[in-house]
Structure formats: C-alpha cells, structure tokens
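Asks: One structure coming up, written as structure tokens, with questions to follow.
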Amino acid sequence: MKLKKRLPVLLMLAALMIFNINLVVSAHDVPDMDTQGSISVSVQYDGKAVPGGTLTLYRAGDVTQDDGNYDFTLNKEFAGSRVSLEDIQSDQTAKALASYAEEQDISGETRTISEDGKVVFQDLELGLYLLVQHEAADGFVEMAPFLIGIPMVEDGTYIYDVDASPKTETEKAPVQPEEPDQPKTGQNEETAPYAVAAGLSLCAVGAVGCMIYARRKHSRHGN
C-alpha cells in the first residue's frame, strides 16, 4: 500500500529530473553581438615567413542570431552577387565573392604584409569577412581568396580573435624560361650600309674582270 501511495510522487520527481536535464542541455552560450574581433594572418612557405605583398579585407556578411544560434547573410554591398553562404569554407564561394567585389569596385581595407610575414585586422564588427590578395610577394603567386567568420565556434566556445594562418600557405611562382639572345636592331642598321658597299664593290670587281677577260679573248681570235 505504501509503495502504491509513493508511486505518483516518484513519477513526478522523475519527470522533474528529466525536465531539468533538458533545460541544462538546451541552455548554451550565445554570441556577444557587442564584442569586436580580429583576424590574424601569417603568410608562410615551407614553414618560413613570406614578407611583402598585400592582403585586402572585405566585410561581406552580417550576423543573424536566433536563440543563440547564429548564421551569416550577405550584406548590402554583396547582396547583388546572390552567392550562397551555405558553405563558407568552399573555395568557389570565396572566389565568386572576390570576382563580384572586383566587378563592382567594392572598397576594402588593404594592409601590407610585414617583414615577419604577418598582418592583423583589428576592431572588426561581427560578420563574414573576405580576404583577397591582389599583390603577392616577389617570386610568389597570389593566394586564393578565402572567408573568415567572426565569431568562430571551437569546441563549443565562441572565438572572436581568429587566426587565419592555416589558410595562407603560399606558393612560389613558376620560373620563366630565358629567351635566346636576339640580334640587336641598332647594330644591323649601322652595319647595313657597309655590307651594301662591300657587295657593290665585289660586283664592280667581277664586272671589270669579265671585261678584261672578254677583251683578251677577242684579241686572240683577232690575231
């Protein structure tokens, strides 16, 4: 009898425990929309820093938040591109936005890569950022465009100061074959009159020789 009386109480306690567990699971951090972030870039080749060249930063998207879940949407400058942000890690997505920025002459923030191969963009609003290299270091090719979101989520934690170095391993430019030496036009123009004169002299000598030979032959036949 006592067990039957306690059964409803036990069931109620179990239900409360399950409810509390669900609350703990569903509760999670939300991004701080008032926080500013930064993007750090370290350009390297074969593990060594590559100084020189530039990087240009464009803010391509805004952050939208819904109950702690956030996403990126194209801002007004890039909305006309109609590029899907379903996969911001895709190289094609970044290339499409970079082409649109060039076509529409959208301005960005350009920084020169320092002697230690680094560049930092600071005091950035939350959003989606496009990085494009319009000028590479001497002897290297331009890096492919790429996208970085602020914030990023790592192990359930929001990261506002993002290190984008893994995306910036650069490549050396191919060596162009040397062209064979070409004769200098100036020298040809200078020596051309002398060559013509020499040719005319040879022709004159040949003509005189032929005349002398013809006269001698005529003299012999006359005798």
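Asks: Please compute the length gained on full extension between His134 and Ser38, using 0.36 nm multiplied by the number of residues separating them and subtracting their Cα-Cα distance. Walk me through the intermediate numbers first.
Replies: Values: separation 96, 0.36 × 96 = 34.56 nm, distance 2.08 nm.
Residue separation times 0.36 nm, minus the Cα-Cα distance, leaves 32.5 nm.
Asks: Estimate the FRET efficiency between Val30 and Ala173 by the formula 1/(1 + (r/R0)^6), using the beta-carbon distance for r and 45 Å for R0, to the nearest 0.05. Please report the intermediate quantities before stating the final value.
Replies: Values: r = 46 Å, r/R0 = 1.01.
My answer for the efficiency is 0.50.
Asks: Report ³J(HN,Hα) in whole Hz for each residue of the stretch 114-121, in order, from the Karplus equation J = 6.51 cos²θ - 1.76 cosθ + 1.60 where θ = phi - 60°; Gly and Pro get x.
Replies: Per-residue couplings from phi come out as 6, 5, 8, x, 10, 8, 10, 9 Hz.
Asks: So, one more: Amide H neighbours of Phe146 under 5 Å, at least 5 residues apart or on other chains, H built in the peptide plane: list them.
Replies: Counting only residues 5 or more places away or on other chains, the set is Leu131.
Asks: Under 5 Å between amide hydrogens, which residues at least 5 positions from Gly127 or on another chain qualify, with H placed 1.01 Å from N in the peptide plane?
Replies: Residues meeting the amide H criterion: Ile150.
Asks: Right, another one. Mind checking which aspartates and glutamates have their Cα closer than 18 Å to the Cα of Lys172? Skip sequence neighbours fewer than 8 apart in that chain.
Replies: Asp46, Glu115, Asp116, Glu135, Asp138, Glu142
Asks: How much of the accessible area of the stretch 40-91, probe 1.4 Å, is carbon plus sulfur, in whole percent? Don't skip to the answer; put the middle values down first.
Replies: On the way: 1130 of 2920 Å².
Carbon and sulfur: 39 percent of the exposed surface of the stretch 40-91.
Asks: Run the numbers for Thr73 and Lys95: contour at 0.36 nm per residue of separation, minus the present Cα-Cα distance, in nm. Display every interim value, and only then the final one.
Replies: Values: separation 22, 0.36 × 22 = 7.92 nm, distance 1.69 nm.
Separation in residues times 0.36 nm, less the Cα-Cα distance, equals 6.2 nm.
The values are calculated or read from the model by the stated rules, or taken from the named source; none is laboratory data. Just so we're clear, the structure is a prediction, and the values are computed from it rather than from any experiment. With ideal geometry, Cβ positions are generated from the backbone for all residues, glycine too; neighbour counts draw on all protein chains shown. Protein only, heavy atoms only, side chains kept; ligands, DNA and RNA dropped before computing areas. Shrake-Rupley method; radii C 1.70, N 1.55, O 1.52, S 1.80 Å.
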